[in-house]
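Structure first, commentary second.
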Amino acid sequence: MAKRTDAAMPISTHDASADDRNDAILIYVDGQIVPKAEAMVSVYDSGFMLGDGIWEGLRLYDGHIPFFDDHLDRLFEAAAYTEIDIGLDRTALTTAVWDTLAANGMTTDAHIRLMVTRGRKAKPFQHPHLSLWGATIVIIAEHSVPDDSVLTRGITLHTVPHHRGLPLTQDAKLNSHSKLNCIIALNHAVRAGADEALMLDPFGFVNTTNACNFFIVKKGAVWTSTGDYCMNGITRQKVIDLCRAEGIPVFERNYSLVDTYSADEAFLTGTFGAQTPVFEIDGRRIGAGQAGPVFLRLRAAYKALIAQGAAQAG
């Protein structure tokens with residue numbers, strides 16, 4: 001199948017500088033580290049067949065994976081909730097990640113996708129008991145430097161009718177392979193000419209985007225959602241903690257599009273891009289339509305936190 005090369009593809013919070021080394025990476029698949037072209041799972045795998053799996057995204061900076069323990073906490077919490085037996089304890093899983101990085105000669109600027117599914121099934125049906133051979137574990141590490149031009153281009157958002165649902169349906173705090181709700185939302189936003197989708201909660205309050213946590217700045221204070229209906233991102237929490245450490249007022253609260261359209265700044269958080277500025281929402285310019293002072297202050301503080309962690313680990 002030919003690779004898509006659309007010149008007008010939208011900006012993404014996961015845009016990275018091209019790196020040909022990724023054509024020859026080695027990937028961890030169930031205890032074996034194999035060339036990219038040989039890294040495969042069964043068509044009977046629960047993740048492929050049903051989206052029955054969990055995952056974490058990690059970054060490698062200067063020989064250090066920031067907040068690794070926090071990510072493992074969330075992975076094992078999700079495994080307990082979904083009743084997926086990972087088959088490896090934290091120590092073994094940590095070793096598998098570092099072995100994958102070492103096999104690829106990676107020491108910095110790498111993005112790691114750690115995935116666990118319920119494993120291969122005996123028949124193509126959803127019952128968990130049909131997964132007879134234990135979990136499938138895949139670790140993909142790519143050379144990846146976020147494209148910092150997004151800081152001057154900014155992200156545009158479009159509010160979509162698809163919301164993050166109540167925990168009674170599928171808890172949005174669960175980092176699962178089942179991302180169709182978010183992908184449909186993203187498709188809607190892209191068709192409207194935006195880069196990503198702004199999603200509301202079940203009651204119409206501003207919640208999150210299809211891929212990242214969302215923040216606004218009003219009169220020097222940082223606002224984000226309550227966190228009840230979105231992925232409680234590791235980077236989201238670190239930004240909230242940094243606000244408190246930096247003396248920046250921060251609120252986890254319900255707020256609407258009325259508050260959002262009149263914001264002085266808006267930005268996104270996520271493991272890959274850290275913090276990304278939003279310049280436009282629903283065709284409305286946000287603030288000055290550029291990266292604002294609170295965003296830049298928090299981004300600098302976050303970079304310092306990452307550098308401190310790397311220095312302590314080294």
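Just one of 263, 288, 301 is at pLDDT 95 or above and in contact with a Leu (Cβ under 6 Å, 6 or more places away or on another chain); which is it? Quick ask: steps written out before the conclusion?
On the way: 263 fails: in contact with a Leu (Cβ under 6 Å, 6 or more places away or on another chain); 288 fails: in contact with a Leu (Cβ under 6 Å, 6 or more places away or on another chain).
Matching residue, one of 263, 288, 301: 301.
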Practice prompt. Have a look at 250, 239, 190 and point out the one that is within 20 Å of residue 305 (Cβ to Cβ), surrounded by fewer than 21 Cβ atoms within 10 Å (Cβ to Cβ) and not basic (Lys, Arg).
Written response: 250
Worksheet item: Across segment 24-39, which residue is surrounded by the fewest Cβ atoms within 10 Å (Cβ to Cβ) among those that are closer than 30 Å to residue 195 by Cα and either among the small types (Gly, Ala, Ser) or touching a Lys or Arg at 6+ places or on another chain (Cβ under 7 Å) (or both)?
Response: 24
Worksheet entry | Long-range neighbours under 9 Å by Cβ, at least six apart or interchain, first residue assigned to a loop (DSSP other than H, G, I, E, B) within segment 288-307, second among the small types (Gly, Ala, Ser) and open to solvent by less than 20 Å² (accessible area, probe 1.4 Å) | 289/154; 290/154; 291/154; 292/266
Worksheet entry | Residues (aliphatic (A, V, I, L, M) and in a helix (DSSP H, G or I)) located in segment 69-96 | 72, 75, 78, 79, 80, 92, 93, 96
Fill in: Criterion: within 30 Å of residue 93 (Cβ to Cβ), open to solvent by less than 40 Å² (accessible area, probe 1.4 Å) and hydroxyl-bearing (Ser, Thr, Tyr) - qualifying residue of 169, 117, 159
117
Discussion item. Which numbered condition in (1) part of a helix (DSSP H, G or I); (2) surrounded by 15 or more Cβ atoms within 10 Å (Cβ to Cβ); (3) in contact with a helix residue (DSSP H, G or I) (Cβ under 9 Å, 6 or more places away or on another chain) is the only one that residue 181 fails?
Written reply: (3)
Worksheet entry | Residues located in segment 120-147, provided they are loosely packed, with under 14 Cβ neighbours inside 10 Å and under 17 Å from the mean Cα position of the chain (by Cα) | 145
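The values are calculated or read from the model by the stated rules, or taken from the named source; none is laboratory data. As the structure is a prediction and not an experimental result, all values here were calculated from the model. When we count neighbours, we look across all protein chains shown, and the Cβ atoms used for this are built from the backbone with ideal geometry, even at glycine. The accessibility values were calculated without ligands, DNA or RNA, using every heavy atom of the protein model including side chains. Shrake-Rupley method; radii C 1.70, N 1.55, O 1.52, S 1.80 Å.
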